[in-house]
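The values are calculated or read from the model by the stated rules, or taken from the named source; none is laboratory data. Keep in mind that this is a model prediction, so the values were computed, not measured. Here the Cβ positions follow ideal geometry from the backbone for every residue, glycine too, while neighbour counts run over all protein chains shown. We work out accessible area using only protein heavy atoms, side chains counted, and drop any ligands, DNA or RNA first. Shrake-Rupley method; radii C 1.70, N 1.55, O 1.52, S 1.80 Å.
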Amino acid sequence: MLPPRPAPHPTDLRGLPAASRREARAALAVTALATAWFALAAAWEMFGPVLAGHYASSASVGIIAENMLRWKIVGPVWEYTASRPSPGMYYCHHPWGIFWTTAAFMKVFGRHDVICRLPAVLLSAATPPLLYAIGRSIYRPAAGAAAAASFVVLPITLSFASFNALEVPVMAWTLLGLLGYVRLTQTSRRRYLAVSALGLALGMHADWPAFVLTGGLLAFGAIRAYVLPRRVFGPLPERRYAAWWVLTASIAALTAALYLALFHHAGKLGDLLTSYGLRASGNAEPLSKVLEGRRYWLELSFTPIAIAAGKLAAIVCAARLVLLRREHEALPLLYLATATVQYVVFRQGADIHIFWPHYFGAYFALAAAALVETGAALFERAAAARRAAQAAAPAASSTLTAPSAEPALAALALWLVPLAAILRDGLPALRYARETGGRFNERGHLIHSDGAKTAFLRWLAPRLPRTPTDAPVAMHEGMKATWAQVWALGGRVVTPNRPPPKEAPPRGAYLADTRFMLDRDQASLAQRFDITAVGPFWALGADVGGRPPSAGGIEAFSFREREPGLLAWYFVSGTEPEREIVPDPFLTWELRTHFGQPAEAPAAPPETLEQKRIAHNMALAAGDGARAAALLAEISAALAPIGARFDDGTELLGTTFHEGARSLLTIFVRAGGPAASDVVLAVRSRVVERAPLSTTMADPVVRDVGLPTAISPQRWRAGFLYADPVPIRKRPGTEVFWASLAARERGRAPKLVDRGGASEVEVLRLR
C-alpha cells in the first residue's frame, strides 16, 4: 500500500510553481549574470584563427561545410578534393546535424574562422537560460538559478563552450526537449509538445548520446504512464502525453533509420561499427582502477567539490523520485545515465579525449536544482519549527529571534559558496584549455599551439595560385598536419606526410617544419631547391611566390610579434601574440651559412637580442674576436644567467622570459661544436605544488615543453650562439622547468660539469 502522495507545490496561472517576487527577481539576476558570463567565455577568441589540438576539429566542421556548399553534397567530407567527392568519402561515425548547421551558417555569412565556432557559441549562450527554465518549471526560481549558475562555473563547460563538435549542441537541444516535456506535462499545451519533439530531434541529429537520453525518457514515460498504477505518479494529460510519446518515438526511429540508410548507401555501416567497437575497447582494467588513472583529468574538469556534490546529488535525486513520486525528478538521473554510458562504455574515447565526460556538466546543473530545492524544503521546515516555538512562547522568543530570510534564497546563497570555489579552478582551466587547444597536459606529450605555423600558412596562401584546387600543397610529416592547417590554406588540396622531393620542385608547394625534420633531409632540400624560410618553416615549389626574381638559395623571413590590444585580446586571441612576417637578412645569413650557401652579412646594425646573437656569430665567422666579445657581453647582460656547462663543451648561458598572451622562455646556448647525432636540447616541466586555494590535485605528469631547435644541434658550430624559444603554457600550481641535452633514443647524453653528474638544470620556476 503506497503512502499518500505529497501535496504539490502551489502554482501560478502558467502552471509554474508559485514563488515570491523577491525570489523571482533574485533568481533572474543570478541567471542573467551566469548567462552573460558564459556567453562572454564562449565568445572569447571567436574571430581568431583555429589552431591545433582538440579545437582543430572545429576547423574540420568548417571544411565539411565548405565541401557541402562547393560540391552540393549532403554528406560530410573533411578533406578538400579536386573533384566532386563520392559517397564513399563521407564521414559516417556521427549524425550529420552539426555539419548541416555549419553549412547553413557559412551559406549566410561566408567562409570565415568565426563560422567554425559561432553555432557552438550561440548554443552555449542559450544553455544557462534553458537550465533556469527547467529548474524553474520543476521546482522554483531559486532552483533554476542554481542550475544555470552551476553549469557556467565548471572547468569543462567553460573550456569547451566554443567547441563546435558534438557535446555542446547535444546538451543545448536536449535541454530544450526536456523543457518542452516538463511544460507539456504541466500545462497539456500543444506548443510544448512541438518544443519537446523539436529539441530532442535536433539533439539526435547532433550525436548518438541524444538517442540514449531520448530512449531513457521514452522508457520511463511508458512505465510511468502505462505500467505503474496511476496513484504512483498521479494523473497526467493522457491524450497529449500519448501524442508526445508516439511522436517522439517515431522521430527517434525515423532519425535512426535515416542515418542507417545514408551510411548504408555510402558503404560505411561496417566502418561505423568498427569505430564504435574501437571506442568501446581499450582499457580492460576494473572501472575503479580506470577512474583512478583518469583522476587528474576528472579533477581538472570538474574539481573535487563538484565531483562530491554530484555524487551526493545522485542519492538525493533518487530519494526524491522514490519518496515524492514526481516524474520530473527522474530527469537529472536520466541525464546522469546518458553521461555515464558515454564515459564508461566507450573507454578508449575517454582515455584519449579529456572532454569525453562533458555531458556530466548538464547532469550537475540539473542535480544542483534538486539540491537547492531540497535545501529550501529543509529550511522551510526549520522555519516552521521556529514559528511553532515562537507561537508557544511569544514573549520569550520575540526578543531572541529575528525574522529569517526566505528559505529558497537562503538555500541558493548557500549553494553559491561551493560554486565560487569551483570557479576558482574554472577560470585558470579556461585559459589553460585555450592555450593548449583543449588538450591540457596531453599526458605529458609535447603540445603545439600552431600559432606561428598558422600565421605562416595564412601568409603563404595568397602567394599560391588563386584557384585552390590548382595549387595542391604537400606537407612533410614534421608539419604534423591538422584540419586547422588545411583550413588555414584557404581550401586547397593538402596531402600530408609526404617525403621530401628528390628532383623537380612540386606543383603547388612543399612545406616542412625543420624542427621536426632530419638534418640530412634539410641539407638535401637546401642543395636542390630555392627555399622560402619563415622562422623554422620552409616552403618550396614552382608556385611559391614572394621571392625576389634574382633570389637563390634560402631567403628568410621572421615573425615580428607584439602583444594584442584589448579588443584583439578578446575577439581574436588572448593566448597568442599578433604576428607580422617580415624579411630577415640576419636569419638569411645564418641559414645560408649553416647550409653551405653564399651568405652576405646585413648592412644594418643589429637591434634586437636575436639579431645581436646572429651578429655575434657573424663576427666569429669573420674572425673579428673583439666584435664577438663585445656582442657577447651585451647579450649576457640581458640574460638571467645559468652558467651551466656540459661535458661536450656546450654551455647554457642564460635565459629571457617574456610574460604575455603567449609567454615565452628563450634559452641561449653557446655550442661546443656539432652535437652527437642523437642529442637534442630538451626542456621538461613538473608541477611541484598545487595552486593556492585550489581543491584540484597537482598535475602528476612530467611534460615535454621544449621544441627542437630549427637548426639541428648536429649542425652547430663551436663558439656560435643559438637560441631555443620555448612557449610556456603554464599548468595550475607551481611549475618548474628543467633543460638538458638529452639523447633521443639510445646513446649517452651529455652531463652537466661540476653538478654531480646531473643531466638537468632549472631554467624557470612559475607560481
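Quick check: at a probe of 1.4 Å, how many percent of the accessible area of segment 23-177 sits on carbon and sulfur atoms? Let's see the in-between values first.
On the way: 3120 of 4380 Å².
That share works out to 71 percent.
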>> For the pair Leu260/Val345, report the inter-label distance in nm, with labels modelled 7 Å from Cα in the Cβ direction.
In response: 1.6 nm
>> If I model a spin label as a point 7 Å beyond the Cα along the Cα-Cβ vector, how far apart are those points for Ala337 and Asn497 in nm?
In response: 4.1 nm
>> With angles folded into 0 to 90 degrees, how steeply does helix 269-280 sit against the dominant principal axis of the chain? Use alpha carbons for both and round to 10.
In response: 90 degrees
> Accessible area per residue of segment 255-335 at 1.4 Å probe, in Å²?
Replying inline: 48 Å²
> Taking only protein heavy atoms and a 1.4 Å probe, what accessible area per residue, in Å², does segment 630-755 have with all protein chains in place?
Replying inline: 41 Å²
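Tell me the net charge near Val316. Cut-off is 12 Å between Cβ atoms, Val316 excluded, with +1 for each Lys or Arg and -1 for each Asp or Glu. Let's see the in-between values first.
Details: positive: Lys311, Arg320; negative: Glu329, Glu373.
Here the charged neighbours net out to 0.
Taking segment 589-659, which GluC sites (Glu not before Pro) meet the DSSP loop condition and have no more than 12 other C-beta atoms within 10 Å? Don't skip to the end; give the middle numbers.
Working: sites: Glu590, Glu600, Glu607, Glu610, Glu634, Glu651, Glu659; in loops: Glu600, Glu607, Glu659.
Here the GluC sites (Glu not before Pro) that fit, given the DSSP loop and packing criteria, are Glu600, Glu607, Glu659.
Applying 1/(1 + (r/R0)^6) with R0 = 45 Å to the Cβ-Cβ distance of Lys751 and Ala626, what FRET efficiency is obtained, to the nearest 0.05? Each step should come with its number before you reach the end.
Working: r = 33 Å, r/R0 = 0.74.
The pair Lys751/Ala626 has a calculated efficiency of 0.85.
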> Accessible area per residue, 1.4 Å probe, Å², for segment 71-112: what's the number?
Replying inline: 49 Å²
> Looking at segment 680-728, which trypsin sites (Lys or Arg not before Pro) are in a loop (DSSP not H, G, I, E or B) and have at most 14 other Cβ atoms within 10 Å?
Replying inline: none
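For a test of the definition: using alpha carbon positions, the gyration tensor, and the 1.5 limit on a/c, classify segment 578-699 as rounded, prolate or oblate. Show your work: numbers first, answer last.
Values: a/c = 2.12, a/b = 1.70, b/c = 1.25.
Prolate.
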> Mean residue ellipticity at 222 nm from the helices of the chain, using -39,500 (n - 2.57) per DSSP H segment of n ≥ 4 over the full residue count, to the nearest 500 deg cm²/dmol?
Replying inline: -16000 deg cm²/dmol
> Tilt of helix 331-340 relative to the longest C-alpha principal axis of the chain, in degrees (0 to 90, nearest 10)?
Replying inline: 30 degrees
> Looking at [x] 22; [y] 15; [z] 29, which value of percent of Cα pairs over 48 Å apart comes from a calculation on the structure shown?
Replying inline: [z]
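In segment 288-407, what percent of the accessible surface is made up of carbon and sulfur (1.4 Å probe, ligands and nucleic acids excluded)? Intermediate results must be reported in sequence, preceding the final value.
Working: 3620 of 5100 Å².
Within segment 288-407, the accessible surface is 71 percent carbon and sulfur.
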> Helix 609-621: angle to the longest alpha-carbon principal axis of the chain, degrees 0 to 90, nearest 10?
Replying inline: 20 degrees
>> What does the extension gain come out to for Trp37 and His445, with contour length at 0.36 nm per residue minus their alpha carbon separation?
In response: 143.7 nm
> Okay, which of segment 103-146 sit inside 17 Å, backbone N to the point 7 Å along the Cα-Cβ direction of Leu69?
Replying inline: 103-120
> Quick one: which of Lys612/Lys730; Lys289/Lys311; Lys480/Lys502; Lys453/Lys730 span more than 23 angstrom between C-alpha atoms?
Replying inline: Lys612/Lys730
> Ranked highest first by average number of other Cβ atoms within 10 Å, how do 575-587, 158-170 line up?
Replying inline: 158-170, 575-587
